[in-house]
Structures are given as structure tokens and as C-alpha cells.
Amino acid sequence: MPFDLRAALAPERTAVLAMELQEGVIGEGARFPELAAAADRAGLRANAARVLGAARAAGVPVVHCTAAFRADRRGSHTGNSPFIRRLLRDPGHMLEGTPAVEVLGGLRAPGDLESRRHHGFSPFTGTGLDTALRAMGTGTVVALGLSVNLGVLGLALEAVNLGYRVVVAEDAVAGVPEEYARAVMENTIALLAARAPAADIAAAWAG
């Protein structure tokens, strides 16, 4: 049976999860210039804005899944991942209360929700995200943001394990190297989630 995107994205059962669309990730003073460049080439901001705007117009909740650290690192596992150990050599990396952890300008609206995490790479473990989604009656999540390497992949895997259906906005995500990100989308994300361009997702809510 062909996948029915409009039926899967029924507004009363869907939420958008925007992963790490933060100033310190790909915005002003981005700590990941290669990722920021890949996001620009993909048109990520414009495509994300299209999905987020259509979601709000249809009454679909938008949740910004963000990451931050306390200056003293309390509440964060800091030694269990080579990547995190490397990141936290910089004592100012993504600190609470700094502009770096804010959502990119133009992508957040007053009615949006935020789920902040202080450890790990994906948005569900150790946060209230699952509880919030279930309280809203969510059965399907639309994933967009960063990065295909870790965050988007972790989001999709955790969401499926928790029983959600996942749709990834395929032109509103990015990863590096870009060839690797495409391979992850085709060989891993495709096993977990449906994929659709931002225009098709927006159109599913337009009616």
C-alpha cells in the first residue's frame, strides 16, 4: 500500500521536532562551520521555516529540541564519548544563558515548546519530551534539523523504539561529510522513517 503522507500527518496526532537549530550550532559564531556550510547548501533554514510555518498554521505543535551545558558541567555526562570530550575542551561551549543556545532567529514562534537536554545526542532520553508528546496525543513526529550524523538519527531511532511514527523532512536536515549524510539517509533513516521534502509536508497540512 502506498504511503499516505496526508493521513500520516493528521494535525491532531502530529508534532514537529526541530533538532538543534541553535545559534551555536549553525548560526552566528557557529562551532561547526562545515555543518553550517552543508546546511546552507541544502537550504535547510528556508525548508525548516516552511515546515514550521505550515505546522503552526495547521495547529501542529512545534517542539525545539535544544542542547546546552552548565558552566560547571553538572547534570552532563562529559567523559563517555570521544566527541563530547573534544567539544568540552572549550569551556565556553554551548553554555546555558548565552546566545549560542538560542534557537536560530526567525525559526521560533511564541507558541512553540522547547525540550532542553544537558547530555547525550538525542532528545528523548533523560528529558520530558516523550511525556509532553503523549500529553498532546502525538502519534507521528516530523523530524528536521541537525545533524544526520547523530541528532536526527538518534531522534528517529528513539522515537520508533517509543512507538511513534517518524517522517523526516529530507531537505531540512544536514550532516557531514555530505556524501555520508546522504548514505545515512538512504541506508539507515529509510529503515526507520518515511522521508518527504518540506514542500510535500507543508502541502499535507495546507488542506
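The values are calculated or read from the model by the stated rules, or taken from the named source; none is laboratory data. In this text, all values refer to a predicted model and were calculated from it rather than measured experimentally. Positions of Cβ are generated from backbone atoms using ideal geometry, with glycine treated the same way; all protein chains shown enter the neighbour counts. With ligands, DNA and RNA removed, areas are computed over all heavy atoms of the protein, side chains included. Shrake-Rupley method; radii C 1.70, N 1.55, O 1.52, S 1.80 Å.
On the given criteria, is P197 under 24 Å from P33 (Cβ atoms), more than 12 Å from the chain's Cα centre (by Cα) and open to solvent by 10 Å² or more (accessible area, probe 1.4 Å)?
no
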Restricting to the stretch 176-194, give me the number of residues that are closer than 17 Å to L9 by Cα and either open to solvent by 70 Å² or more (accessible area, probe 1.4 Å) or small (G, A, S) (or both).
2
If you check every pair at least six apart or on different chains, which have Cβ atoms under 9 Å apart with a residue in the stretch 158-181 that is free of Cβ contacts under 8 Å to residues at least 40 places away in the same chain first and a residue that is in a loop (DSSP other than H, G, I, E, B) and open to solvent by 70 Å² or more (accessible area, probe 1.4 Å) second?
E158/T125
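Within 15 Å of the chain's Cα centre (by Cα), free of Cβ contacts under 8 Å to residues at least 60 places away in the same chain and open to solvent by 20 Å² or more (accessible area, probe 1.4 Å): is that true of N149 in this structure?
Working: within 15 Å of the chain's Cα centre (by Cα): yes; free of Cβ contacts under 8 Å to residues at least 60 places away in the same chain: yes; open to solvent by 20 Å² or more (accessible area, probe 1.4 Å): yes.
Yes: the conditions hold for N149.
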Within the stretch 25-64, the residues that are open to solvent by 20 Å² or more (accessible area, probe 1.4 Å), over 26 Å from E96 (Cα atoms) and assigned to a loop (DSSP other than H, G, I, E, B) are G43, A58, G59
Across the stretch 152-175, what is the number of residues that are surrounded by 19 or more Cβ atoms within 10 Å (Cβ to Cβ), touching a helix residue (DSSP H, G or I) at 6+ places or on another chain (Cβ under 7 Å) and not in a strand (DSSP E or B)?
3
Taking the stretch 176-194 and the residues there that are of a type in the set (A, V, I, L, M, F, W, C) and in a loop (DSSP other than H, G, I, E, B), the one that is nearest to the chain's Cα centre (by Cα) would be A193
Is it the case that R117 is of a type in the set (K, R), farther than 23 Å from D171 by Cα and within 14 Å of the chain's Cα centre (by Cα)?
yes
Residue that is least open to solvent (accessible area, probe 1.4 Å) [pool: residues in the stretch 1-24 that are charged (D, E, K, R) and over 13 Å from the mean Cα position of the chain (by Cα)]
E23
